[in-house]
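The values are calculated or read from the model by the stated rules, or taken from the named source; none is laboratory data. This structure is a prediction, so every number in the text was calculated from the model and none was measured. FYI the Cβ positions are ideal-geometry reconstructions off the backbone, even for glycines, and counts take in every protein chain you see. Just the protein is used for accessible areas: all its heavy atoms, side chains included, with ligands, DNA and RNA removed. Shrake-Rupley method; radii C 1.70, N 1.55, O 1.52, S 1.80 Å.
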Amino acid sequence: MSSAPDRRSTWFFFVALGVLWIALFYRLAFIWETDDQYSHGWMVPVFAAWIFARRWSTRPEPARPGRTWPAAVALAALWVPAAGAYLILESSPEWRPMMWLLAGAVFAASLLLAWLAGGAPWRRHFTFAFFFALAAVPWPYDFEQWLTLELSLIGARITGILLNLGGILAHVQGNNIEIDVGVLGVEDACSGVRSFQSSLMVALLFGEWFGFRAGWRIFLAVAGIVVAYLLNIARMLVLCLAARQGGIDILDQWHDPAGFAILLLSMAFLFTLSLALQKLPGATVTLPPAPVPGPAPAAGIVTAAVLVLAATALLPLSTESWYRWRESLRKPVDTWTLTPAPPNVQEEPLGERVEEMLGYDEGFRRRWTDAGSRSLDLIYMRWLPGGRTSGAGPHAPDACQRAIGREITHKSPAQLAKFGNVELPYQVYTIEDTGRTFYLLFVLDDGYRDPEMLSAGLMGMDVGNRARRIRRALEGNRDTGQSALQIALVGETDPVVAERELLAALQALVVERQP
């Protein structure tokens, strides 16, 4: 075989892999940009490319695969789940099962390409590079929410115990920590596990850098997660002590530096631990001292690479064509906004920390007292199309009220309230707060006005939600943005009257948005 075909097939192999992963990273970039917990995703492609290049320089002698047509058929078959995931992510860009479906198809296609190029030795050798790239995919939402909420609650309790043992009186309610100078709000205390994903990524990276065996790589990853959690408890302690010295307002100055310090300390710990593990007999695998000579990928990889390139190019083209066709057949949805606040109503921003967490494009809070001396508290947030539309779902009352130590004793079925041409889905919550009962009306409008998509159901917490999301994509309803509104009523004891008054307040506030 001449060198020219070898070089050509090598470049086709590289380009096919690159295009595959770029297609996946393009979809994941929405999460990296909108969720601080996954901002480390921007670094994953760079590190994954470095790992692949490192393994390319130590690649084993390629083996000629046997029959290649089954692999070609498998590559073609993988386009079906990839296309389905791409289509649905255009409508529900935050739906993580579809991200994993797309990532799984890309991962499997990469393994097939490696096998076609160099047989089983190359498939085994490059697997970790592809596996590492999956560190950019967000964890399943239900698992992440459980981990975030439960561990932050535990961390807050541990912090309260440590403060009390140190002579500082602290009362913990949910993941709020009350000390003598004030309360560390949920936006300060609930960030306890944000460094888990970045610590896991760094542990996997160091495992490759030092060449550890599989068992020690797993040990390093587990150690990184445990240390990250302990450092977050230390962060809570530091924030509490800083608040006692400089007041609650000083938290804005300490919050981000403390988080950055956790990342640096986690990396320093993992690097130090790696240096120590490297000295253990048998902990590392000796790599070849120089690239192994041998032929480049077989020329047969060219056909498979062209197939992959064509299939990948079809993903955005077919998706855009589908939605444009369906949108041309549909009437635009009537949108809404809120009336301006009257002079006697207090309106204020939600705060930099809340805006940073939720990433809304518009948001504010209003407080007023009605004619019956009952207090009302309104929170409004709006995400524009293509922005952080995943923000409202995770922060529906279901999770947030529990996080601050309150109990939801009743939640009404989802219903529709009609105001002019606008129909808004809503639910009314009955909430207990240290012996006091109040009522909260919650509206979540994703543009489709489907009551079954309201509240926690929007984020995939019930099985039926899968069918609704798929139906949305098949109907050609792509991301239209999202608006969230909640009104709390305090001072009313009758739930029937409370719901009537909340709906009356909502009707007085909502107006159609002018084109």
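Counting only residues that are aromatic (Phe, Trp, Tyr) and part of a loop (DSSP other than H, G, I, E, B), how many does segment 312-364 have?
Filtering segment 312-364 down to residues aromatic (Phe, Trp, Tyr) leaves 322-323, 325, 336, 360, 364.
Filter once more, so that each one left must be part of a loop (DSSP other than H, G, I, E, B): 360.
Result for segment 312-364: 1.
Say whether the condition of being at pLDDT 80 or above and of a type in the set (Asp, Glu) is met by at least one residue in segment 2-15.
Looking through segment 2-15, none of the residues is at pLDDT 80 or above and of a type in the set (Asp, Glu).
If you go through segment 211-247, how many residues are modelled with pLDDT of 85 or more and not in a helix (DSSP H, G or I)?
3
Checking Gly41 against (1) of a type outside the set (A, V, I, L, M); (2) open to solvent by 40 Å² or more (accessible area, probe 1.4 Å); (3) part of a helix (DSSP H, G or I), which test does it fail?
Result: Gly41 passes all but (2).
Answer yes or no: is there a residue in segment 402-409 that is among the acidic types (Asp, Glu), closer than 16 Å to Thr337 by Cα and modelled with pLDDT of 80 or more.
Just the residues of segment 402-409 that are among the acidic types (Asp, Glu), to begin with: 407.
Adding the requirement that they be closer than 16 Å to Thr337 by Cα leaves none.
No: segment 402-409 contains no residue that is among the acidic types (Asp, Glu), closer than 16 Å to Thr337 by Cα and modelled with pLDDT of 80 or more.
Just need a number here: residues in segment 157-210 that are over 18 Å from Leu241 (Cβ atoms), out of contact with any Ser or Thr (no Cβ under 6 Å at 6 or more places or on another chain) and modelled with pLDDT of 85 or more.
9
Would you check which residues across segment 64-74 are open to solvent by less than 40 Å² (accessible area, probe 1.4 Å) and in a loop (DSSP other than H, G, I, E, B) and list them?
Pro65
Counting just the residues of segment 365-375 that are assigned to a strand (DSSP E or B) and of a type outside the set (D, E, K, R), which one comes out most open to solvent (accessible area, probe 1.4 Å)? Working first, answer last.
As a first pass, look at segment 365-375 and keep what is assigned to a strand (DSSP E or B): 365-369, 375.
Narrowing further to those that are of a type outside the set (D, E, K, R): 368-369, 375.
Details: Trp368: 54, Thr369: 92, Ser375: 49 Å².
Among residues in segment 365-375 that are assigned to a strand (DSSP E or B) and of a type outside the set (D, E, K, R), the one most open to solvent (accessible area, probe 1.4 Å) is Thr369.
May I ask you to verify whether Gly160 is open to solvent by less than 30 Å² (accessible area, probe 1.4 Å), within 19 Å of Ala305 (Cα to Cα) and over 24 Å from the mean Cα position of the chain (by Cα)? It would help to see each step written out before you state the result.
Working: open to solvent by less than 30 Å² (accessible area, probe 1.4 Å): yes; within 19 Å of Ala305 (Cα to Cα): no; over 24 Å from the mean Cα position of the chain (by Cα): yes.
Judged against the criteria, Gly160 is not a match.
Could you grab the pairs with beta carbons closer than 6 Å, sequence gap of 6+ or different chains, first residue in segment 428-447 and closer than 30 Å to Arg468 by Cβ, second one outside any strand (DSSP E or B) and among the charged types (D, E, K, R)?
What qualifies is Val428/Glu499; Ile431/Arg406.
Mind listing whichever residues of segment 13-35 are farther than 19 Å from Ser92 by Cα and surrounded by fewer than 21 Cβ atoms within 10 Å (Cβ to Cβ)?
Taking segment 13-35 first, the residues farther than 19 Å from Ser92 by Cα are 13-22.
Matches in segment 13-35: Phe14, Val15, Gly18, Val19, Ile22.
Which one is modelled with the highest pLDDT, of the residues in segment 114-156 that are open to solvent by 30 Å² or more (accessible area, probe 1.4 Å) and within 13 Å of the chain's Cα centre (by Cα)?
Per the criteria, the residue is Trp139.
Which residue is surrounded by the most Cβ atoms within 10 Å (Cβ to Cβ), if the candidates are limited to segment 431-441 and must be more than 29 Å from the chain's Cα centre (by Cα) and not basic (Lys, Arg)?
Filtering segment 431-441 down to residues more than 29 Å from the chain's Cα centre (by Cα) leaves 432-439.
Adding the requirement that they be not basic (Lys, Arg) leaves 432-435, 437-439.
Details: Glu432: 14, Asp433: 14, Thr434: 8, Gly435: 5, Thr437: 15, Phe438: 20, Tyr439: 25.
Ranking the candidates gives Tyr439 first.
Give segment 82-105 a look and list any residue that's surrounded by fewer than 21 Cβ atoms within 10 Å (Cβ to Cβ) and either of a type in the set (Phe, Trp, Tyr) or farther than 30 Å from Leu384 by Cβ (or both), or say none.
Within segment 82-105, Trp100, Gly104 meet the criteria.
Does Val106 satisfy the criteria of being in a helix (DSSP H, G or I), β-branched (Val, Ile, Thr) and at pLDDT 90 or above? Break it down stepwise before answering.
Values: in a helix (DSSP H, G or I): yes; β-branched (Val, Ile, Thr): yes; at pLDDT 90 or above: yes.
Answer is yes for this residue.
On the given criteria, is Thr312 under 19 Å from Arg478 (Cα atoms), out of contact with any strand residue (DSSP E or B) (no Cβ under 6 Å at 6 or more places or on another chain) and of a type in the set (Val, Ile, Thr)? Can you show your working first?
Working: under 19 Å from Arg478 (Cα atoms): no; out of contact with any strand residue (DSSP E or B) (no Cβ under 6 Å at 6 or more places or on another chain): yes; of a type in the set (Val, Ile, Thr): yes.
Spelling it out, it is not the case that Thr312 is under 19 Å from Arg478 (Cα atoms), out of contact with any strand residue (DSSP E or B) (no Cβ under 6 Å at 6 or more places or on another chain) and of a type in the set (Val, Ile, Thr).
Taking segment 397-407, which residues are over 16 Å from Trp146 (Cα atoms) and either surrounded by 17 or more Cβ atoms within 10 Å (Cβ to Cβ) or touching a Pro at 6+ places or on another chain (Cβ under 7 Å) (or both)? Lay out the reasoning, then the answer.
Restricting attention to segment 397-407, the residues satisfying the condition of being over 16 Å from Trp146 (Cα atoms) are 406-407.
Correct list: Arg406 only.
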